[in-house]
Amino acid sequence: MLTLGWGLEKPAVAQGESDSNDAALSLRWQSVTAADKSPFAVLEGDRLQDVRHNLSSAQLHAELKRTFQIFVVEDGKRAQDAVLSKLKRTETTWELHPRFRLEEGLTYDVVLMKGTLSPTVEIYRRLQLAPKEQEKPTQLVGVFPSDTAIPENLLRCYLLFDAPMSRGYATKSVRLLDSDGREVDLPFLELEDELWNGSLTRLTLLLDPARVKRGLKPNLDEGRALEAGKRYQLVIDQQWPDATGRPLSEGLTREWRIQPADYTQPNLKQWRIQSPRANTRNRLTIEFDSSMDFSLANRMIRITDTEGSSLKGESRLDQHETVWYWQPEVKWEAKTYIVVIDSRLADACGNSFRKPFEVIDPLSSGASPSKLLKLRFEVTAQD
C-alpha cells in the first residue's frame with residue numbers, strides 16, 4: 001500500500017480505466033506537507049491540451065466544474081452532495097482544492113464523470129485518510145435507542161464511538177444477558193462485513209429479521225431474542241480495540257426493560273412543529289409521535305424553502321429520539337419553509353411511513369405514501 005502525507009493509499013481502479021497512468025488523461029491525489037492543508041486532486045494529460053481546440057477556457061472551466069468533483073465515501077457509497085472545492089488551473093493541469101480541511105479517518109473519491117474529457121468511462125481515485133491519533137482512549141459515547149424501555153420487536157440498535165474502531169470484533173465484544181445473567185444465544189445477526197459507517201465510529205447491530213418477524217421459521221423455532229416483560233443487559237466489553245489497537249476507556253452495561261411489540265407506523269399528522277422567529281438562528285423543534293430510528297432520523301429529514309432549495313444547518317435528536325432539533329447556519333427569514341421527510345424514515349422496529357415492518361392485517365394496510373413527505377411551517381417576525 002502506498003502511503004503519503006496523511007495516509008494516501010493506492011486507490012481502487014474504476015472499471016474501464018488502466019491501473020497505470022494514461023498519458024492522454026490521468027487523475028491523482030497530491031499530498032501536502034502543511035499540517036493545516038488537505039490533499040488535493042490533480043487532473044493532467046494530453047487530452048486537456050487537445051480539448052482546447054474545441055472548447056474555450058471558459059467552456060472547459062464550466063465542463064470541469066460539472067464533472068470534476070470530490071465526494072465523501074461512506075459504507076462503500078458516495079455522498080449525494082460533492083465536497084465544496086475550488087478549481088485551479090496551472091500551465092499543464094487542473095487542480096481541485098477542497099475549501100475545507102478533509103477529515104482524518106474518512107474516505108474520499110475524486111471523480112471525473114463522463115463528459116467531454118472522458119466520454120465513455122468515469123475515472124476516479126480513492127483516498128483513505130489515516131485516523132487522527134488520539135491522546136486519550138476511545139470512548140463509547142452513545143447507545144441507541146437511548147431509552148431503557150425497548151419493544152420486543154426491536155430491529156436495529158447503534159453504538160457510537162468518539163474515534164475509529166477496529167473491524168471484526170463486534171461478535172466478541174457485544175453480549176446480551178438475560179435477567180439470570182445467562183448469555184442470550186446469537187441475539188444479533190452475524191454478518192461477514194460488520195455494519196460500520198465510513199469513519200468506523202458508528203456500528204449498526206441488527207437483530208435477526210427472521211426471528212423478529214412472526215410466522216417465519218426462525219421465529220417459530222427460536223422465538224425473538226427479546227421477550228416482553230423481561231429484563232436484559234446489553235454488555236459492551238472494555239477490551240474492544242479501536243483502530244489503533246487500544247482498548248476502550250471503559251466498558252458499558254445498559255439495562256433494557258422489554259415492552260410489548262410495536263407495529264405502528266409513524267403518523268405525520270401527530271408531529272408537532274415549534275417554529276422559530278425571523279431574524280434569529282433559533283432552532284426549529286419537531287416532536288415526533290414516537291421514537292425514531294437514530295441513524296435514519298439524522299439523514300432523512302431536511303429543511304427547504306418553497307422553491308425546493310435545501311438549507312444548511314445542524315440537526316440533533318433528543319428525549320429518546322422523540323424530538324428533532326435543527327439550527328440553521330444563517331438567520332431565518334419571515335416566510336414559509338418546508339420540512340421534507342423521506343418516507344423510508346422508520347422507528348427502531350423498522351416501521352416506516354411507507355409500510356410497517358410486519359403487516360398485521362393486509363386488508364387494512366393502506367397504499368404506501370409518496371417517496372417524500374412535506375410539512376409546511378411559517379417563520380414570522382418577532383412581536
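Each reported figure results from applying straightforward, stated rules to the coordinates on display, with no laboratory input. This is a predicted model, so every value here is computed, not measured. For neighbour counting, all protein chains shown are included, and Cβ atoms are generated from backbone atoms with ideal geometry for every residue, glycine included.
Centroid-to-centroid, using Cα positions, the stretch 196-212 and the stretch 175-193 are 14 Å apart.
Just to check, using Stokes-Einstein with a Kirkwood Rh over alpha carbon pairs, what's the diffusion coefficient of the stretch 101-215 at 10 °C and 1.306 mPa s in µm²/s? Answer, rounded: 91 µm²/s.
Between the helical axis of 57-67 and the longest alpha-carbon principal axis of the chain there is an angle of about 20 degrees. For the stretch 145-213, averaging the sequence separation of C-alpha pairs within contact (under 8 Å, six or more residues apart) and dividing by the residue count gives a relative contact order of 44 percent.
For the stretch 128-274, the Kirkwood hydrodynamic radius from C-alpha pairs, put into Stokes-Einstein at 20 °C and a viscosity of 1.002 mPa s, yields a diffusion coefficient of 128 µm² per second. Residue ranges 197-206, 226-235 sort as 197-206, 226-235 when ordered by packing (mean number of other C-beta atoms within 10 Å per residue, highest first). Taking every alpha-carbon pair under 8 Å whose residues sit at least 6 apart, the chain reaches a relative contact order of 12 percent.
Of the options (i) 42, 29, 21; (ii) 55, 23, 18; (iii) 30, 28, 20, only one is semi-axes √(5λ) of the Cα gyration tensor in Å as computed from these coordinates, and that is (i). Computed over every Cα-Cα pair of the stretch 199-255 and binned at 10 Å starting from 0, the pair-distance distribution P(r) comes out as 19, 34, 28, 18, 1 percent. Taken over the Cα atoms of the stretch 268-378, the convex hull encloses 97 Å³ per residue. When the distances between all Cα atoms of the stretch 26-128 are binned every 5 Å from zero, what whole-number percent does each bin get? Going from the shortest bin to the longest, the percentages are 2, 12, 24, 26, 18, 11, 6, 2, 0.
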